[in-house]
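Below: the structure, in structure tokens.
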Amino acid sequence: MTDDRSSDDRSSDGRSSDGRSSDDPSTNGLSTATGVRQSVSVVLPVLLHGEPDWARGPLPFAVGERARDAEWRRQYFAPAVARALHGRRWHRTTTVTDGPLTLIGLELLGTARPAAPHRALGVLHFDVTGPALLEVLRAIGHRPGALPDPLTGPLSPATLFAAAADTTPPAEPFAIARPYTIAFFTPDDSHPSVLRRADGELPATAHTWLGALAARSAERDNPPTPQRRERLAQEAIRLSADWSALVGPHGTAFLGHRADRGDSDFYAFAQAHIRSVHLDTLLLGMIQRDHLNALGDQLSTVFDTGPGLARRLAALEDDIAVFRSAYWRPHQTVHGPAAGVLRAFHTQHRLPSLFTDILAEAADYGRLVQTRESQQIAGALGILTILGLPLGTALSILQVLGDGNPWHLLLALGLAFATTAAVLTTRYGRLVLASLRGRARG
């Protein structure tokens with residue numbers, strides 16, 4: 001893709017042919033910029049109808065002689081994570097063009113949990129033409145004054161996934177409540193706003209562009225505070241001297257910092273890497289967030305469904321163990337620069353602290369269950385003591401006296417039970433009975 005708004009169609013005062021300034025303070029020129037490569041992948045929640053009749057595995061993106069297929073991507077992920085990301089994954093290659101967007105392929109990733117067996121994530125991969133990348137993102141984000149939503153008509157997810165999945169937003173909470181976007185933009189020589197300077201430093205507008213693409217908004221939509229402007233440079237992920245990334249709550253942006261020279265440039269690899277490894281990394285973060293939300297929801301209702309607290313807590317601890325084993329090994333899950341993207345997603349959504357809170361709360365509930373069970377055992381032993389001591393004493397006396405009269409034995413039993421009943425009316429006896437009644441609550 002080439003820049004169709006070069007310096008030839010800008011006047012000497014820096015304005016484009018449509019009268020808008022390339023240094024528009026609300027966009028810092030991004031709204032009128034055309035990148036050499038412009039792409040966006042859209043991730044949204046879906047419910048599978050069943051196993052789709054699509055090709056198995058993730059959508060492969062070829063660079064040179066090697067496709068970024070499941071086998072190639074596996075080197076970047078722990079085995080359990082690779083199975084989760086690629087085991088129940090399907091793709092379909094297609095070409096649909098509508099306005100500035102050209103759809104090049106679809107993907108489905110099953111993310112089922114026992115309580116949600118049909119849950120999945122759908123992915124649409126687009127190329128973007130013209131000076132429209134930011135405006136497309138603003139339209140997907142439904143920003144005030146934005147263009148109509150491009151994910152309608154021939155590009156509607158309901159139409160594209162119709163035979164395979166239901167795209168109606170799920171009624172129960174999901175990790176992403178709205179489409180999540182992953183945008184990529186590479187500049188040419190006419191984009192000094194983002195090109196690395198001779199001293200190796202980046203202009204401040206490079207961070208502004210990253211923030212706008214990740215947030216899907218121009219500055220006029222949501223003007224950032226001075227503190228936010230300062231944090232953008234700190235939150236950006238320096239993948240190399242040539243490109244950076246920024247992870248936001250509803251989108252991630254990748255931006256080049258030197259002029260893209262065309263098809264054989266490094267950015268061809270970068271684009272394929274974004275659509276494969278970095279996409280998988282963000283999908284993993286969404287799955288982790290979804291599972292943690294589900295675990296948190298289980299914790300919030302653990303006391304709400306009557307008897308069986310110990311059983312429910314044991315099931316919750318099993319779910320936590322499975323989640324930790326399959327999805328949560330912070331130092332082993334993702335390898336290479338993509339690990340920084342996952343850490344940024346974790347930070348953006350506070351996933352480590354959420355998981356720590358879940359573990360702490362589950363441990364507290366576990367101690368509560370252990371305390372109740374100990375009280376119940378102590379109560380049972382107390383009942384045996386209260387009942388057994390008078391009875392044992394009476395039988396011992398009869399044995400010492402050599403009295404085998406059955407009536408005397410019955411009388412001894414009656415006295416023992418009467419003594420037991422009297423002891424149960426004391427404070428100690430009431431405590432024992434209260435401990436036993438705790439069984440109904442556990």
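Sorting Ser264, Ser41, Ser240 by accessible area puts them as Ser264, Ser240, Ser41; the probe is 1.4 Å, largest comes first, and only protein heavy atoms count.
Quick one: net charge of Gly200's neighbours, Cβ under 13 Å, K/R +1, D/E -1? Please report the intermediate quantities before stating the final value.
Numbers: positive: Arg196, Arg197, Arg238, Arg258; negative: Asp199, Glu201, Asp242.
So the environment of Gly200 carries a net charge of +1.
Given R0 = 51 Å, the distance between the Cβ atoms of Ala112 and Thr425 translates into a calculated FRET efficiency of 0.35.
Maximal additional length on extending the Leu368-Thr93 stretch stands at 93.6 nm, based on 0.36 nm per residue less the C-alpha distance.
Extension gain, Asp304 to Asp263, is 8.8 nm, computed as 0.36 nm per intervening residue step minus the present C-alpha separation. Inter-part distance, the range 85-156 to the range 216-252, computed on C-alpha centroids, equals 22 Å. Once the chain from Thr347 to His331 is taken as fully extended at 0.36 nm per residue, the excess over their C-alpha distance is 4.3 nm.
Go through 58-70, 337-349, 123-135 and give me the packing order, highest mean Cβ count within 10 Å leading. List each step's numbers first, then the result.
Numbers: 58-70: 16.3, 337-349: 19.4, 123-135: 21.8.
Going from most to least packed, we get 123-135, 337-349, 58-70.
Students often check this: by mean Cβ neighbours within 10 Å, which of 354-362, 202-210, 179-187 ranks highest, and how do the rest follow? Display every interim value, and only then the final one.
Working: 354-362: 15.6, 202-210: 21.2, 179-187: 25.8.
For the peptides 354-362, 202-210, 179-187, the packing ranking is 179-187, 202-210, 354-362.
How many percent of the accessible area of the range 207-292 is carbon or sulfur, using a 1.4 Å probe?
Details: 1460 of 2940 Å².
In the range 207-292, the share of accessible area belonging to carbon and sulfur is 50 percent.
Scalar couplings 3J(HN,Hα) for the range 33-41, obtained by applying the Karplus form with A = 6.51, B = -1.76, C = 1.60 to θ = phi - 60°, are 8, 10, x, 5, 10, 9, 8, 8, 10 Hz; x denotes Gly and Pro.
Simple spin-label estimate for Glu230 and Leu411 gives 9.4 nm between the two label positions (7 Å along the Cα-to-Cβ direction from each Cα).
The values are calculated or read from the model by the stated rules, or taken from the named source; none is laboratory data. Please read all numbers here as calculations on a predicted model, not as lab measurements. Ideal geometry is used to build each Cβ from the backbone, glycine not excepted, and the neighbour counts take in all protein chains shown. The accessibility values were calculated without ligands, DNA or RNA, using every heavy atom of the protein model including side chains. Shrake-Rupley method; radii C 1.70, N 1.55, O 1.52, S 1.80 Å.
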